[in-house]
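The values are calculated or read from the model by the stated rules, or taken from the named source; none is laboratory data. Here the structure is a predicted model, which is why all the values come from computation and not from measurement. Cβ sites come from the backbone with ideal geometry, for glycine too, and all protein chains shown count toward neighbours.
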Amino acid sequence: MRDNQQQQRQQVRQKKDNSTKERRTYNRTGSHNQRGRRNGAVRRKPSSVKIIPLGGLGQIGMNITAFECNNQILVVDCGLAFPDEDMLGIDLVIPDVTYLKENAKKIRGLVITHGHEDHIGAIPYIEKELNMPIYATKLTMALIDNKLKEHGISEQVQKNVVSHGDKVKLGIFEVEFIKTNHSIADAAALAITTPAGVIIHTGDFKIDHTPLFGEAIDLAKFAELGSKGVLALMADSTNVERQGYTLSEKNVGKRLDGIFAEHLKGRMIIATFASNVDRVQHIINSAHKYGRKVAVEGRSMVNIITTASELGYLKIPKNTLIETDQIKNYPDDQIVLITTGSQGEQMAALSRMANSTHRKVSIVPSDTIIFSSSPIPGNEKNISKIMNELAIKGAKVVFQDTHVSGHACREEIRLIYALTKPKYAIPVHGEYRHLMRHKELAIEMGIPKENTFVLAEGDVLELNKRQGKVTGKVQAGGILVDGLGVGDVGNIVLNDRKMLSQNGLIIATVTLQRHGRQILAGPDIVSRGFVYVRESESLMEGAREVALAAVEECMERNISDWARIKNSIKEALSNYIWKNTKRNPMILPIITEV
């Protein structure tokens, strides 16, 4: 009896032990057992963030990136690109933001790193469609507001001015603005905190320990973020092919001061980027030191200098600045002219001076022309042309050692990696070769090859603490701006313009009887940009006969459809002209009925 009772108690204990083991097993394997969930034993899928570059990769310009997490979107930068040589008649190229328009309700804000055109130039065009609240530092916001006013939408857009060190909460995103150095004041890197982790976007930057304006880059903040853990680093790739460090802006100041000391006679005309406020400050300082008055020429230069001086970023000694119209009231050796056109832009002030089409300034042999900028890739030919025109007029042209870059070289980029210790590396801002060289550098700095991503515009990169991979593609690319038209010029129109520019145009006009099969007038042949008609009368007469034969054949075959008649004229003329000239002009048949 006692043995039976002991046996029963032992069986009960065994059942309890088995039940406890089962509960522990459920908890470890992620069962829906409530007790296990309460103890936090369920493994949850880590949060992910999507990084979607809509522009700025594989080229210099048109920077814009979307960050998406938990159905919320943060947009960083919104810049434009300048047209390539084959984009005939195009003024600007802005990013295609179809994806943002389709997801407009998810957008929490637009955050800007600095005030260069390739980061803010497209804002007025995009804001008309999306009306995103904008967050930027003081000078950057002032330059943005100037653009919004030009487009008449300043009052409609919510503008939020921030300072370095500020943290802004935008939905699930928190953005901290970090002090950096660049060729424009008030540049900032961004530390973007997401549920998936912290992403650092450097913007355009360099490490300048002796900047002319403001403080040096906040390397301590990068180190602090690195010690806490950085999910991804998106760093500037522009100068990744250059070894060493980028020189300080103060080096240019010394060089410019030396040039002023060497050229005490004659005017000095200095071309630089309008946005390089520090460079303008150097020029004004040296001009004041050597007793020269400063005139400013070029619309963008006037606008930025006015804005920068109003905000205190530019200090101009009293009675130093004069209007361009007043130049004639002073001896040449008391004049400095700061102008746009350092990139050889056709309509810029310096180009018009070189071509003798400027209304107020004519180049004379005693002038010294200083190019205080480095050529943007693709502009070398235009700059060389302007320099030659200036030299023909007898002016002295100076361009050696008059500029330092605003972008970090290899060792500076290495330092940012060493401080931030990111899990993932995403090279940005550069042509494809720059991005690939940056990827190699990131791998050299210890980032696993599978954690470095060279993206294309429109790629959707999804990151979490476990892995990163490209998971899709969205519509991206460039929208062409021609005058007031945005997006109304596409590849077909550009191809037509290219054909016209290369081979010219032939127009064949013919008048037909409305209800009969009779030619009332023509064909008449008109040429534009193809051959000089007076010296090619036999060719034009032959073309007229070929067109006439094509129309008569259509009449004989009872063809009354205009499209078929036009095709016949076009084909006949094309064959005739190619046979006689080996050229392919655009042929435009025009038919009228009477």
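Values computed for the structure shown
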quantity	calculated
Unique match (being of a type outside the set (Ser, Thr, Tyr) and surrounded by 24 or more Cβ atoms within 10 Å (Cβ to Cβ)) among Val252, Val277	Val277
Every residue from region 557-579 that is closer than 15 Å to Gln518 by Cβ and touching a residue at least 24 places away in the same chain (Cβ under 8 Å)	Asn558, Ser560, Ile565
Filtered residue count, region 177-206, keeping only those that are free of Cβ contacts under 8 Å to residues at least 40 places away in the same chain and not polar (S, T, N, Q)	2
Set Met353, Met347: member being free of Cβ contacts under 8 Å to residues at least 24 places away in the same chain and either within 27 Å of the chain's Cα centre (by Cα) or not in a loop (DSSP other than H, G, I, E, B) (or both)	Met347
Ser227 being within 25 Å of His434 (Cα to Cα) and either not in a helix (DSSP H, G or I) or not assigned by TED's automatic domain parsing to the domain that holds Leu321 (or both)	no
Extreme residue, modelled with the lowest pLDDT, among residues of region 292-348 that are small (Gly, Ala, Ser) and under 23 Å from Phe399 (Cα atoms)	Gly344
Filter pass, Asn388 being within 30 Å of the chain's Cα centre (by Cα) and at pLDDT below 90	no
Residues of region 185-222 classified as farther than 30 Å from Gln281 by Cβ, outside any loop (DSSP other than H, G, I, E, B) and among the aliphatic types (A, V, I, L, M), total	3
Boolean, Ile207 is of a type in the set (Val, Ile, Thr) and within 24 Å of Asp96 (Cβ to Cβ)	no
Top-ranked residue of region 296-313 - restricted to ones that are among the charged types (D, E, K, R) and either surrounded by 14 or more Cβ atoms within 10 Å (Cβ to Cβ) or under 22 Å from the mean Cα position of the chain (by Cα) (or both), ranked as farthest from Ser275 (Cα to Cα)	Glu297
Region 230-266: number of residues that are part of a loop (DSSP other than H, G, I, E, B) and either in contact with a Ser or Thr (Cβ under 7 Å, 6 or more places away or on another chain) or hydroxyl-bearing (Ser, Thr, Tyr) (or both)	10
Index of the failed condition, Ile316 passing every other in (1) aliphatic (A, V, I, L, M); (2) in a helix (DSSP H, G or I); (3) surrounded by fewer than 23 Cβ atoms within 10 Å (Cβ to Cβ)	(2)
Positions within region 295-312 being out of contact with any Ser or Thr (no Cβ under 8 Å at 6 or more places or on another chain) and farther than 16 Å from Lys149 by Cβ, in sequence order	Ile305, Ala308, Ser309, Gly312
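Conditions tested, residue by residue: (1) modelled with pLDDT of 95 or more; (2) within 24 Å of the chain's Cα centre (by Cα).
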{"residue": "Ile199", "(1), (2)": "yes, yes"}
{"residue": "Thr238", "(1), (2)": "no, yes"}
{"residue": "Ser248", "(1), (2)": "no, no"}
{"residue": "Asn251", "(1), (2)": "no, no"}
{"residue": "Val277", "(1), (2)": "no, yes"}
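Conditions tested, residue by residue: (1) at pLDDT 95 or above; (2) part of a helix (DSSP H, G or I).
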position: Val93; (1), (2): no, no
position: Lys101; (1), (2): no, yes
position: Leu110; (1), (2): yes, no
position: Thr113; (1), (2): yes, no
